[in-house]
Amino acid sequence: MAKQDYYETLGVSRDVDDKALKSAFRKLAMQYHPDRNPDNTDAESKFKEINEAYEVLKDAEKRAAYDRYGHAAFEQGGPGGGHGGFGGGGFSGFGDIFEEMFGDMMGGGRGQSSGRGSDLRYNMEISLEDAFNGKKAQIEVPTSVHCGSCDGSGSKGGKPPSMCPSCHGRGKVRAQQGFFTIERTCPTCHGAGSVISDPCDNCGGTGRERKSKTLSVSVPAGVEDGTRIRLSGEGEAGLRGAPSGDLYIFLSIAPHRIFQREGANIFCRVPIPMTKAALGGEIEVPTVDGGRARIKVPEGTQSGNQFRLRGKGMSVMRTESRGDMFVEVAVETPVKLTKEQKEILKQFEAAGGGNVENHSPESQGFFSKVKDFFEDLTD
Ligand SMILES: [Zn+2]
Ligand SMILES: [Zn+2]
């Protein structure tokens, strides 16, 4: 499904200012807040969309990236391959696009965040059962950490860097271009304002080194497909001691063999024999918690009839409650009948069992519609 435009999601124009953006977001967030819409999965997903859109548009850099690249700006690097033992686990740097756009172009324009480490993305696929129970997982993330030899300073022996002679510590230099004076990132120190005269051997002066980090992730019970978990400061280390980026874990839930999930509810289709549907009886179905539930199937059950098992659905995040489970039965026509079985069915038919008017409610409905159809034609 195509993702809705973030501006449309918030109902604002593309040139909206920060104030109007914030008030549009507040209004919608109040309207769709889960506390105000209990058990309304539509409102819940709308609420999530609103939050996601605002998260991007309120941030000038992310908004600029979105304006330029659309949703693709945040979908850098797809699934990468197995890491840390997760089937669909993948890993990629998704801050790169920002680095590319703003790193050089704006230089010191990122203010204090200049040199901040890239945000990282980790794709994690979990099973529906894990989404139901919640999960504590260890992930292995290849990343950059502060260099141990120089303690992240980039300078040999941790010696403090000296002031950049080109920009005198400002990180920017002025250049005359026609009538204009243009301020740009200092080419000597790349905006840092300081230079390292004696770079650390281990990191070559960057203050960081490649390393794998093992992190614990706690996936809450009831989590939805597409949820992002942010581990603040667990992204790549910043340049020369600058703050680290964040790590975003993008969760996806693998399709299940038996169950389909819709918000808090679970759907499941179960075949039942024709005889049980006709005579009534009991069936046993698996539940997402790993248990079993029994359903009383009444006499004359039709294919497509649904049964509701209250409280047997998904767990709901941050609550003790659970959604419901819906079981749809599919009545099965028996195959490979023996001669004797066929004989019995023929007798059944001869005894009036195949009489549509008495015994086949769906056929009755259908044939009366067919009758109306032909009558309308002859009118
Ligand atoms: Zn170092
Ligand atoms: Zn400089």
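For the range 193-210, state whether one or more residues are away from ligand 1 (no atom under 16 Å from the Cβ) and in a loop (DSSP other than H, G, I, E, B).
Taking every residue of the range 193-210 in turn, at least one turns out to be away from ligand 1 (no atom under 16 Å from the Cβ) and in a loop (DSSP other than H, G, I, E, B).
Please state which one of Gly154, Gly134, Gly178, Gly169 is of a type in the set (Gly, Ala, Ser) and under 22 Å from the mean Cα position of the chain (by Cα).
Criteria check complete, one pass: Gly134.
Out of the residues in the range 18-61 that are of a type in the set (Asp, Glu) and within 15 Å of the chain's Cα centre (by Cα), which is farthest from Glu320 (Cα to Cα)?
Glu55
In this structure, is Gly178 closer than 22 Å to Cys200 by Cα and not basic (Lys, Arg)?
No; evaluated as a whole, the condition is false for this residue.
Would you point out the residue of the range 116-141, among those that are over 16 Å from Ser218 (Cβ atoms) and hydrophobic (A, V, I, L, M, F, W, C), that is surrounded by the fewest Cβ atoms within 10 Å (Cβ to Cβ)?
Taking the candidates together, the pick is Leu128.
Which of the numbered conditions does Val145 fail, given that it passes all the others? Conditions: (1) at pLDDT 90 or above; (2) over 30 Å from His256 (Cβ atoms); (3) away from ligand 1 (no atom under 16 Å from the Cβ); (4) not acidic (Asp, Glu).
Going through the list (1) at pLDDT 90 or above; (2) over 30 Å from His256 (Cβ atoms); (3) away from ligand 1 (no atom under 16 Å from the Cβ); (4) not acidic (Asp, Glu), Val145 breaks only (3).
Pull up the range 183-192, narrow it to residues that are away from ligand 1 (no atom under 16 Å from the Cβ) and in a loop (DSSP other than H, G, I, E, B), then point me to the one that is surrounded by the fewest Cβ atoms within 10 Å (Cβ to Cβ).
Among them, the one singled out is Pro187.
Exactly one of these conditions fails for Phe367: (1) modelled with pLDDT of 95 or more; (2) assigned to a helix (DSSP H, G or I). Give me its number.
(1)
Please tell me if Glu236 is farther than 30 Å from Leu128 by Cα, within 37 Å of the chain's Cα centre (by Cα) and assigned to a strand (DSSP E or B).
So Glu236 fails the test.
So is Cys167 within 16 Å of ligand 1 (Cβ to nearest atom) and assigned to a loop (DSSP other than H, G, I, E, B) or not?
Considered against the rule, which asks whether it is within 16 Å of ligand 1 (Cβ to nearest atom) and assigned to a loop (DSSP other than H, G, I, E, B), Cys167 comes out as no.
The values are calculated or read from the model by the stated rules, or taken from the named source; none is laboratory data. On a predicted model such as this, the values are computed, not experimentally measured, just so you know. All Cβ positions, glycine included, derive from the backbone under ideal geometry; neighbour counts span all protein chains shown.
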